[in-house]
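What follows is a single structure, written as structure tokens, with notes after it.
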Amino acid sequence: MNTESVVEFLGNVPLLQRLHSSSLERIAQVVVFKRYDRGDYVVRENQDVDGVYFLLEGQAQVLISAGEEFLLKRFDFFGHGIFGDVYPADVVALSELTCLLLMSGHLALLEPKSVWDSDKELESRCLVEHILYLEPVDLNVFRGFTPPNAPTYGKVYGGQLVGQALAAASKTVETMKIVHNFHSYFLRVGDIDIPIIFEVNRLRDGTNFATRIVDAKQKGKTIFTLFASFQRKQQGYIHQESTMPHTPAPETLLPREEILERLVTDPLLPRDYRDEVATEINVPFPIDIRFCEPKDSTEQTKSSPRLKYWFRAKGKLSDDDQALHRCVVAYASDLIFASISLNPHRREGMSVAALSLDHSMWFHRSLRADDWLLFVIVSPTVFDSRGFATGKMFNRKGELVASLTQEALVKEAVNIKPSFGSKL
């Protein structure tokens with residue numbers, strides 16, 4: 001077997017489905033093939049075990065001294081650490097048997113390193129990974145938090161719910177399957193002061209596709225739900241009609257923070273607007289944003305319902321795991337989206353609000369969230385207090401990596417005080 005085939009096999013072993021693909025590749029490079037004839041003892045009771053065995057071909061029987069026995073088949077595992085360092089049973093080959101043995105010296109590779117699996121070295125990770133961290137509670141249940149240094153705007157930021165829910169779903173899917181689309185609904189305003197419980201429902205696990213539903217809950221009520229589909233990588237047709245618009249390179253554009261600083265100190269802008277902008281400067285922003293056009297308008301100035309900006313995670317992500325990068329991009333995708341529906345309707349003295357209702361995303365190609373991506377947004381229509389926006393994301397090579405849609409409640413507001421309860 002070549003390394004790719006071994007990785008594919010390992011991805012179906014239940015013990016390893018909490019690991020990401022880079023960990024599986026490292027395991028595939030060090031496992032040893034062990035073959036046994038029918039009747040051979042693989043492991044003997046009360047003897048030290050030299051590692052963890054993954055059953056590749058054939059069947060084996062586990063014989064316990066108390067008289068119990070059960071069958072092992074393809075994708076099952078046994079050995080060191082499963083019941084301690086000394087194994088409590090005999091394992092006998094029932095047929096010609098092939099196992100992959102991960103020796104004891106490499107067992108550290110079984111430790112999950114993914115941002116939603118382990119808090120090891122969590123403090124050294126960049127802010128967006130810290131925000132996406134989930135604490136396992138049960139097999140399909142995770143606990144998420146709103147860190148004190150995360151952007152909130154008085155309530156749980158919608159992108160945080162999207163990113164954390166997608167991370168929870170990803171943890172329950174074998175690593176060879178990667179999310180290719182999700183559809184989500186914002187149901188209630190989230191409370192930043194209490195944890196969020198993410199419950200994952202495993203709807204389907206097929207050969208090439210898997211489907212999950214995730215409910216995010218606070219105080220016993222569902223505040224957000226996400227429906228996600230995952231796919232094993234497959235060869236097929238390729239074409240692209242969408243063309244990336246010509247834009248300045250992101251390195252030549254001003255960071256969002258510098259633009260905000262200039263707005264705060266501009267004496268020609270209304271004082272209440274500058275005070276509002278000043279509050280945004282103090283909010284830690286885990287995403288680096290570079291607007292492609294000069295932002296010379298204010299929240300009370302009419303402008304086109306279109307926007308283009310480059311973005312990337314601040315800092316280097318700790319892993320190349322594609323699941324992690326897609327969760328980060330999903331997190332960032334809600335920062336500035338359907339709110340552009342309000343642009344043609346702004347006027348002086350107007351107080352407006354945009355609350356996300358739903359959010360969908362399709363991933364077309366692999367991407368890196370810590371490298372520049374261009375987000376092109378258009379709002380084709382607003383009607384009945386609902387603004388609709390579509391988005392496309394391109395990498396620097398001009399490849400379309402993702403497509404998005406979002407609908408939001410957009411309306412004039414006198415005084416909005418976020419509180420826990422229905423968004424409507």
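What's the exposure ranking of 253, 324, going from fewest to most Cβ atoms within 10 Å?
Ranked by crowding around the Cβ, least crowded first: 253, 324.
If I model a spin label as a point 7 Å beyond the Cα along the Cα-Cβ vector, how far apart are those points for residue 303 and residue 269 in nm?
1.0 nm
³J(HN,Hα) across the range 388-405 via Karplus (A = 6.51, B = -1.76, C = 1.60, θ = phi - 60°), whole Hz, x for Gly/Pro?
Along the range 388-405, the couplings run 10, 9, 10, x, 10, 10, 10, 7, 5, 7, x, 7, 6, 9, 7, 10, 9, 9 Hz.
Starting from the eigenvalues of the Cα gyration tensor, five times each then square-rooted, give me the equivalent ellipsoid semi-axes of the chain, largest first, whole Å.
With the √(5λ) rule applied to the chain, the semi-axes are 49, 22, 19 Å.
Through the Karplus equation 6.51 cos²θ - 1.76 cosθ + 1.60, θ set to phi - 60°, convert the phi angles of the range 372-382 into ³J(HN,Hα) values in whole Hz; use x for Gly and Pro.
Here the 3J(HN,Hα) series is 5, 10, 9, 9, 10, 10, 9, 10, x, 6, 9 Hz.
List the relative contact order of the range 126-283 as a percent without decimals, with contacts defined as Cα pairs under 8 Å and 6+ residues apart.
20 percent
Once the dipole of the chain is set up with Lys and Arg at +1 and Asp and Glu at -1 on Cβ about the Cα centre, which of 104, 206, 1 lies farthest towards its positive end?
206
Can you give the helix-only mean residue ellipticity at 222 nm for the chain, where every DSSP H stretch with n ≥ 4 adds -39500 (n - 2.57) and the sum goes over all residues, rounded to the nearest 500 deg cm²/dmol?
-5000 deg cm²/dmol
Take the residue pairs 155/219; 155/316; 308/392; 34/177 and return only those whose Cα atoms are more than 20 Å apart.
Pairs exceeding 20 Å: 155/316; 34/177.
Suppose every Lys and Arg Cβ carries +1 and every Asp and Glu Cβ carries -1, with no other charges. What dipole size does the range 3-110 come out with about its Cα centre, to the nearest 20 debye?
That gives a dipole near 240 debye.
Determine the dipole magnitude for the chain: charges of +1 sit on the beta-carbon of Lys and Arg, -1 on that of Asp and Glu, nothing else is charged, the reference point is the Cα centre, and the result goes in debye to the nearest 20.
Charge dipole of the chain: 1440 debye, to the nearest 20.
Using the Cβ atoms and a cut-off under 12 Å, what net charge is assigned to the surroundings of residue 193, where Lys and Arg are +1 and Asp and Glu are -1?
Value of the local net charge: +1.
Evaluate the distance, in nm, between pseudo-label points positioned 7 Å from the Cα of residue 108 and of residue 314 along their respective Cα→Cβ axes.
3.2 nm
So how do 9, 230, 145 line up by other beta-carbon neighbours within 10 Å, fewest first?
Listed from fewest to most nearby Cβ atoms, that is 145, 9, 230.
Rounded to the nearest 0.05, what FRET efficiency is calculated for residue 403 and residue 347 with R0 set to 25 Å and r the Cβ-Cβ distance?
0.20
How many nm separate the modelled label positions at residue 69 and residue 98, each set 7 Å beyond the Cα in the direction of the Cβ?
A separation of 2.6 nm, rounded to one decimal place.
Grab the Cα-Cα distance for residue 34 and residue 257, subtract it from 0.36 nm times how many residues apart they are, and report the gain in nm with one decimal.
Stretched out fully, the residue 34 to residue 257 stretch lengthens by 74.5 nm.
Contour minus end-to-end for residue 41 and residue 201, with contour as 0.36 nm per residue of separation and end-to-end as the Cα-Cα distance?
53.7 nm
Hey, what angle do you get for helix 158-171 against the long axis of the chain, alpha-carbon based, 0 to 90 degrees rounded to 10?
10 degrees
Report the relative contact order of the range 174-246, percent, no decimals, based on alpha-carbon pairs under 8 angstrom and at least 6 residues apart.
Relative contact order, the range 174-246: 37 percent.
Bear in mind that the values in this text are calculations on the coordinates, not laboratory data. Model, not experiment: these values are computed from the prediction. Note that each Cβ is placed from the backbone with ideal geometry, even for glycine, and that neighbours are counted across all protein chains shown.
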